[in-house]
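Notes for the one structure printed next.
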Amino acid sequence: MRGKAWKFGDHVDTDVIIPARYLVTADPETLGAHCMEDGDPDFAKKISQGDIIIGGENFGCGSSREHAPIAIKGAGISCVIAKSFARIFFRNSINVGLPIFVCPEAAERISQGDEVTADMEVGVISDETTGESWTVPAFPEYLRGIIAAGGLVPFVASGAGR
Amino acid sequence: MKRTLASQIIASHTTDPVKEGAICRVSVDFAFVNDITAPPAIDAMAAMGRSRVFDRKRCAIIPDHFTPNKDIASAEQAKKSRIFASEQKMLYWEVGRAGIEHAMLPEKGHILPGDIVLGADSHTCTGGAMGAFSTGMGSTDLAGAWATGETWLMVPPTVRIDFRGSISRHITGKDLILAVLREISVQGARYMALEFGGDALASMSMDHRFTVANMAVEAGGKAGLFVPDETTLAYAEARASRPFTARYPDEGCEYAKRVEIDVDKLTPLVAAPHSPDNVRPASTFGDTEIQQVFIGSCTNGRLEDMAAAASVLEGKKVHPSVRCIVIPASYEVYNACLEKGYIRTFTEAGAAVCTPTCGPCLGGHMGILAEGERCVSTSNRNFVGRMGHPKSEVYLASPVTAAWSAVKGHIADPAQEEA
């Protein structure tokens, strides 16, 4: 994954990621067009395919709406790197196949507009603008199984989730 | 090994080794979605290749968010929910019978002490008041639970909160949880369970406990469990839809953190925009003018909340420049309000009373805010744009504080008004 960094602060909540007034559909493109709208009305128009969101602490706090990671994916964002994630958003992202990285150092050091690459398989994030890079600890084995299957739907379909 | 209440309940639902940080596959006692989260769950279950829910008496759809349907798109979502529920013969309540999920499900005895409950709604933690491990997830996780009767849980560390003293007319469950948020912040329990205990529980009815447990997620908590006592068991036994086994923390178990809240020293509290932990005494807001008051939601739409609001509004009028919207959270509450005369008290005071729905809490319908408007709300979130325009403001407070604010036209301190 490679893209330009879009930096946000702490506690980015799901109402900002996708306001409830748009929850009358779960279509990724429709939701994506309104991604982050109440924080930055032009966000979905300004980003390019593959760009990366950099969050602070507790990214995705608030509602259980799966529409939040779907909106981020639908907008064309390739992954989210944050200091920490709220737990429901964390689960939802794994389930819908939005790659996420928990890396406080990278989230702190990467600046708005930097060119960033992220590789989930080897667990490395690099800031191509500054030349810095960071190793990300792997997720627990059980979660790696869900990710490797391509999300919870194929995981359960395969019988792995029983 | 000595276990916290959360760990105890997980251990009773799995064959995996249960220790903090471990991932366990657990059996699920009850799993539900609402009209917003149902459609993706229905699609995900089909994509999983599963045609039946694991147990039709333990799986439910509750249309409560955008219902009665606010527009054609929400009507289509509700229709999809209704058809699926009918095909599955699972639990479902139509408009006119459906209350807000987190109020109605415990009333109907579907969330019980010792349970593991999953809901595709973040405020599923409300069920923790029953002494259940009740936690919110997304639609796909719910579909997995519907399909298999199981889910995965990481065994969380626990933050123990002890309430000391006793609640009173002005210091309610809402003030207690706002005090907790002020103390530990919106991420003080991220990926942890909260466990509530202390001598103040003796003064707390179930309604106050539901309010406290409801906002555990506002502290980042995955669950907020009350240690069961006589009050819990009496409520559960009178309503249980199936047998249950209450669980208790082991004496001497280890907590990640312990917090004591001296209830007797609290004053009425308000969370100012735009974070539920931005908490200050109600007395510090001066004459901050408001345009709307909302009394209801899964946080504060129960009978004692309605009684508290009615006791303030009895014989008084809502301030001329304020619209006051009252929404009982379920039909059990609504009908009790009718019998006790609260509905008449509200309408005579000039408040609007609506049918049970989540409605305005999430900016759905029945009370959306315009640019620059301020609302005192008994709900749980005051994020940017939560109840309407991104430049509107939401102040979270108890029903007593909200009702007094409706009368005064500004954020009011009930302790001062009734001094």
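The values are calculated or read from the model by the stated rules, or taken from the named source; none is laboratory data. The shown structure was predicted, so the numbers you read here are calculated from the model rather than taken from an experiment. Neighbour counts run over all protein chains shown; Cβ positions are idealised from the backbone, glycine included.
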Practice problem: Evaluate the following for A:Ser48: is it polar (S, T, N, Q), away from chain B (no Cβ under 13 Å), under 11 Å from the mean Cα position of the chain (by Cα) and more than 27 Å from B:Met366 (Cα to Cα)? | Solution: no
Practice problem: Could you list, in sequence order, all residues of the range A:7-52 that are in contact with a Cys (Cβ under 8 Å, 6 or more places away or on another chain) and either among the aliphatic types (A, V, I, L, M) or under 21 Å from B:His123 (Cα atoms) (or both)? | Solution: A:His11, A:Val12, A:Asp13, A:Thr14, A:Ile17, A:Ile18, A:Ala44, A:Ile52
Exercise. For residues that are without any contact (Cβ under 8 Å) to a residue 40 or more places away in the chain and either of a type in the set (Phe, Trp, Tyr) or in a loop (DSSP other than H, G, I, E, B) (or both), tally how many sit in the range A:1-48.
Key: 12
Exercise. Hey, can you tell me all the residues within the range B:41-55 that are loosely packed, with under 14 Cβ neighbours inside 10 Å and either within 9 Å of chain A (Cβ to nearest Cβ) or in contact with a Lys or Arg (Cβ under 6 Å, 6 or more places away or on another chain) (or both)?
Key: B:Gly49
Quiz item: Among the candidates B:His13, B:His65, which residue alone is at pLDDT 95 or above and more than 10 Å from chain A (Cβ to nearest Cβ)?
Solution: B:His13
Self-check item: From A:Ser111, A:Ser63, residue being out of contact with any Pro (no Cβ under 7 Å at 6 or more places or on another chain), of a type in the set (Ser, Thr, Tyr) and more than 14 Å from every other protein chain (Cβ to nearest Cβ)
Solution: A:Ser111
Self-check item: Neighbours by Cβ (under 8 Å, 6+ apart or cross-chain): first from the range B:279-292, under 12 Å from B:Ala406 (Cβ atoms) and at pLDDT 95 or above; second in a loop (DSSP other than H, G, I, E, B) and among the hydroxyl-bearing types (Ser, Thr, Tyr)
Solution: B:Gln291/B:Ser321
Quiz item: Is at least one residue of the range B:196-207 within 12 Å of another protein chain (Cβ to nearest Cβ) and surrounded by 24 or more Cβ atoms within 10 Å (Cβ to Cβ)?
Solution: no
Quiz item: If the Cβ limit is 8 Å and pairs must be 6+ apart or interchain, which residue in the range B:200-221 that is under 8 Å from B:Ile177 (Cβ atoms) pairs with which residue that is of a type in the set (Asp, Glu) and assigned to a helix (DSSP H, G or I)?
Solution: B:Thr211/B:Asp305
Practice problem: Mind listing whichever residues of the range A:100-123 are outside any loop (DSSP other than H, G, I, E, B) and either modelled with pLDDT under 95 or out of contact with any Asp or Glu (no Cβ under 8 Å at 6 or more places or on another chain) (or both)? | Solution: A:Ile100, A:Phe101, A:Val102, A:Pro104, A:Glu105, A:Ala107, A:Glu108, A:Ala118, A:Asp119
Exercise. Working carefully through the options A:Pro99, A:Pro154, find the one that is surrounded by 15 or more Cβ atoms within 10 Å (Cβ to Cβ) and within 12 Å of chain B (Cβ to nearest Cβ).
Key: A:Pro154
Practice problem: Determine whether the range A:59-72 contains at least one residue that is surrounded by fewer than 24 Cβ atoms within 10 Å (Cβ to Cβ), in a helix (DSSP H, G or I) and not β-branched (Val, Ile, Thr). | Solution: no
Practice problem: Scan the range B:119-142 and give yes if some residue there is surrounded by fewer than 19 Cβ atoms within 10 Å (Cβ to Cβ), touching a residue at least 60 places away in the same chain (Cβ under 8 Å) and out of contact with any Leu (no Cβ under 9 Å at 6 or more places or on another chain), otherwise no. | Solution: no
Quiz item: For residues in the range B:16-39 being away from every other protein chain (no Cβ under 12 Å) and more than 25 Å from the chain's Cα centre (by Cα), which is surrounded by the fewest Cβ atoms within 10 Å (Cβ to Cβ)?
Solution: B:Pro17
Self-check item: Exclusive hit being among the small types (Gly, Ala, Ser) and more than 25 Å from A:Ile18 (Cα to Cα), set B:Ala47, B:Ala38, B:Ala6
Solution: B:Ala6
Quiz item: Does the range B:306-320 contain any residue that is basic (Lys, Arg) and closer than 19 Å to B:Pro414 by Cα?
Solution: yes
Exercise. Sort through B:Ala85, B:Ala73 and tell me the only one that's away from every other protein chain (no Cβ under 14 Å), out of contact with any Lys or Arg (no Cβ under 7 Å at 6 or more places or on another chain) and not in a loop (DSSP other than H, G, I, E, B).
Key: B:Ala85
Quiz item: Restricting attention to the range A:124-162, which residues are modelled with pLDDT of 95 or more, in a loop (DSSP other than H, G, I, E, B) and of a type outside the set (D, E, K, R)?
Solution: A:Thr129, A:Thr130, A:Gly131, A:Val136
Self-check item: strands (runs of 3 or more DSSP E) wholly inside the range B:257-370 that include at least 2 residues being in contact with a Leu (Cβ under 7 Å, 6 or more places away or on another chain)
Solution: B:269-271, B:279-281
